Amino acid sequence: MDSGNVFKGLFYGGFASCVAETVTMPIDVCKTRLQMDGAGGGVKLYNGTMDCAGKLVKSEGAGALFKGLPPALLRQSTYGSLRYGLYGPIRNSLGVKPGTPKHEIPLSKKILAGAGARARPS
């Protein structure tokens, strides 16, 4: 991708982040349900991830696997866009020529560009 085209980077970053969020949402919902299963001395309802997903779909419908998706997509469409879309232009503004092989870019410039693009673990 042309790292000089900010809008293309913003779009691709946001789109990729939203696709990843949508694909992983059912796993995240099951993880959260399993973490809360039996909390506070309650009865354990699930015996693993597949059991949780099956019972969830049976009792609440397939849409239950995507609970919380709209706010997650909003977050990813803004945060993911900025993180991926701004990294290249910021890195280039630090004096890195477009097309420079990654192994030739100083680590300090990569770190500064990542910090400027607000790249941090989700």
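The values are calculated or read from the model by the stated rules, or taken from the named source; none is laboratory data. Note that this is a predicted model, so its numbers are computed, not measured. Virtual Cβ from ideal backbone geometry, glycine too; neighbours counted across all protein chains shown. Accessible surface is based on the protein model in full, side chains and every heavy atom, while ligands, DNA and RNA are left aside. Shrake-Rupley method; radii C 1.70, N 1.55, O 1.52, S 1.80 Å.
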Subject >> Scope the range 59-70; condition without any contact (Cβ under 8 Å) to a residue 12 or more places away in the chain and more than 16 Å from the chain's Cα centre (by Cα); matching residues >> reply: SER59, GLU60, GLY61, ALA62, GLY63
**OP:** Return the total of residues in the range 32-49 being open to solvent by less than 60 Å² (accessible area, probe 1.4 Å) and at positive phi.
**Re:** 2
Subject >> Within the range 82-93, considering residues that are open to solvent by less than 60 Å² (accessible area, probe 1.4 Å) and either out of contact with any helix residue (DSSP H, G or I) (no Cβ under 9 Å at 6 or more places or on another chain) or not basic (Lys, Arg) (or both), the one farthest from CYS18 (Cα to Cα) >> reply: ASN92
Original post:
Could you say whether any residue in the range 32-47 is without any contact (Cβ under 8 Å) to a residue 40 or more places away in the chain and touching a Lys or Arg at 6+ places or on another chain (Cβ under 6 Å)?
Top reply: yes
**OP:** Only residues in the range 93-109 that are in a helix (DSSP H, G or I) count as the first member; pair them with residues that are at pLDDT below 95, Cβ under 7 angstrom, at least 6 apart or cross-chain, and list the lot.
**Re:** LYS109/ARG91; LYS109/LEU94; LYS109/VAL96
**OP:** Determine the pairs where a residue that is in contact (Cβ under 8 Å) with a residue 40 or more places away in the chain, located within the range 71-82, has a partner that is surrounded by 17 or more Cβ atoms within 10 Å (Cβ to Cβ) and of a type in the set (Gly, Ala, Ser) with Cβ atoms under 6 Å apart, the partner being 6 or more residues away or on another chain.
**Re:** GLN76/SER17; SER77/GLY14; GLY80/GLY13; GLY80/GLY14; GLY80/SER17; SER81/GLY13; SER81/GLY14
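Conditions tested, residue by residue: (1) modelled with pLDDT of 90 or more; (2) in a helix (DSSP H, G or I).
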| residue | (1), (2) |
| --- | --- |
| PHE11 | yes, yes |
| ASP28 | yes, yes |
| ALA53 | yes, yes |
| GLY63 | yes, yes |
| LEU82 | no, yes |
| ARG120 | no, no |
**OP:** Please specify each residue of the range 93-122 satisfying the condition of being within 18 Å of ASN5 (Cβ to Cβ) and either within 24 Å of the chain's Cα centre (by Cα) or of a type in the set (Gly, Ala, Ser) (or both).
**Re:** SER93, GLY99, ALA113, GLY116, ALA117
Original post:
Out of all the residues in the range 50-81, which are of a type in the set (Ser, Thr, Tyr) and surrounded by 16 or more Cβ atoms within 10 Å (Cβ to Cβ)?
Top reply: SER77, TYR79, SER81
